[in-house]
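In what follows, a single structure is set out as structure tokens and then discussed.
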Amino acid sequence: MIGGKMSMVRRTKTGSAQSPARHHDPAGELKPDALGLGDTVVLAMASSGPTQSIAASLAAIMIAVRYAGFLPLLICFIPMIGIAIGYQRLNAWQPSAGATYSWVGRAVNPHAGFFSGWIMMMYYTIGTVSLTPLLGSYMLSFFSNAAANNKYDTAIVGTLFNLLVLVIAALGAKLSARFQWAWAVFEYAALAGFSLAAIILIYFSHLSRAVHMTTSWFTLSGAGGFHSLIAGILIAIFLYSGWDTAAYMGEEVQGRQAGRAAVMSVVLLFVVYSIGVVTLQGIAPNSTIQAHAGNVLAFVGQRIGGGFWKDVMIVAVLGGTLASLQAAIVSAARISFAMGRDRVFPGWFGQVSAKYRTPMNATILVGLLNVVFLWGSTLIGSIGTALSDVVSTLGLMAAMFYFLTAATAIWYYRHVITTSAKGFFLGGILPGFGAAFMAFVIIYELATNALNGVELGFGFGFAALGIILSLISSRLGKSAFYSDPTTSHGDTIEADLQGS
């Protein structure tokens, strides 16, 4: 069926698609022009959560590639920027809250589109299971180490934080962006300050005797060889993932700038991660970093400036984690909203608050699901183990929908990407390299048994469930999306690559 739906539409000179105009009830649409370019970049950065991600991954990436952490970040940046350009071009064709779900469904195959939306929802919903307990633990650590290590206390505090960001997300995209701006200024200022302090201390103090920066930090041999480098690249994919939140805000961003925000986010993440990893890893020997893997940035703050700066770093990580949780709720809510609007999910998901112009039903459900997962994993050990196994497959899920998006960008514009050298490079070479890279990562991860049988079972089990649900939806729901995907939202929008 690949390409079969493309014959249903009339192609313009730019390769965009048109179909007869349809009239939408404005009250049933998300609020247009609610966000500017900067707002969208901040939301996308928050979804990736640089500070929280470095806190979770610094020790792991040093296990994989020792002090050569910059190398996998650089290698992963190139395909990521290609994939982001794919997002930008597809957003120019159709800004959609469903993003990859809508693009793949319309340009390739509706069942493939449903599958894309499903795995993205799993990524953003189940992924929050690892965030919420951290919020409770970080907050309680200011008052009592015993409470910070009590799973029920951390679950209660985590629930309260979850409900807070749920309310903010439900009240509007602009309010969510303002909340993110407040945290971002402090979070990135703290990370930049600690990185600068680390450089000064490494080169001009006693710390220089512990760790020496050499050219091996930037070579394959310094990383420990090809196999170690691939392990580091898998971690780098996890670090970058989340920037695609910009695409889900496409219907609410001024001037179709969501695609541009995605590209800018990838560039900024490369800069932040490169500086953060290269500087902070040098604050202590690798063995010492591993000994403090559970609270590595708090240890860095302590080592750089003492107890007060340790608390500053904890607050930065807390804020970054909170911002990531909110961005995940915003993303998952808009994906499920888009699928509800097309009736591949129950139409209840596609309802919009008349007052706030947000996908209120989808937002509330996603936020409450986070709470259910949190307490399920807290109270029932087997559920916690199962969710942990699924979380371990999130990198694989991210690679899947990044691959699908980049491949779809090439497929949709296949008739126009060869009309100019620039178009071929931006529309073919870069997204093609991104798609090939993600395909390689998926195959390599499976071939080398990077995931155990339980993780594979849960990960692919959820993926298979998505295919089954799509087949059921096509039979029972009888959504026009399956018979004519051009009826999905936004089919009157023409691509405008010149302005994207």
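The values are calculated or read from the model by the stated rules, or taken from the named source; none is laboratory data. The model shown is predicted, which means the values in this text are computed figures rather than measured ones. Every residue, glycine among them, receives a Cβ derived from its backbone with ideal geometry; neighbour counts consider all protein chains shown.
The set of residues in the stretch 263-309 that are polar (S, T, N, Q) and buried (at least 17 other Cβ atoms within 10 Å of the Cβ) comprises 265, 279, 281, 295, 302.
Restricting attention to the stretch 158-171, and to residues there that are within 13 Å of residue 361 (Cα to Cα) and out of contact with any Gly (no Cβ under 6 Å at 6 or more places or on another chain), which single residue is surrounded by the fewest Cβ atoms within 10 Å (Cβ to Cβ)? Ranking the qualifying residues of the stretch 158-171, first place goes to 167. Remark: residue 182 falls outside the filter, which requires a residue to be buried (at least 21 other Cβ atoms within 10 Å of the Cβ), within 21 Å of the chain's Cα centre (by Cα), farther than 25 Å from residue 284 by Cα and hydrophobic (A, V, I, L, M, F, W, C). Where helices (runs of 4 or more DSSP H) fall wholly inside the stretch 365-477, the ranges with 2 or more residues that are at pLDDT 90 or above, small (Gly, Ala, Ser) and within 28 Å of residue 236 (Cα to Cα) are 394-412, 430-447. State yes or no: is residue 46 crowded, with 24+ Cβ neighbours inside 10 Å and assigned to a loop (DSSP other than H, G, I, E, B)? Spelling it out, it is not the case that residue 46 is crowded, with 24+ Cβ neighbours inside 10 Å and assigned to a loop (DSSP other than H, G, I, E, B).
The set of residues in the stretch 323-357 that are over 19 Å from residue 165 (Cβ atoms) and among the small types (Gly, Ala, Ser) comprises 338, 340, 347, 350, 354. Among what's in the stretch 306-322 and is out of contact with any helix residue (DSSP H, G or I) (no Cβ under 7 Å at 6 or more places or on another chain) and in a helix (DSSP H, G or I), pick the residue that is nearest to residue 166 (Cα to Cα). Result: 315. Pairs meeting the criteria (first residue in the stretch 38-59 and modelled with pLDDT under 90, second residue surrounded by 24 or more Cβ atoms within 10 Å (Cβ to Cβ) and outside any helix (DSSP H, G or I), beta carbons under 6 Å, at least 6 apart or on different chains) are 47/242; 48/242; 48/243.
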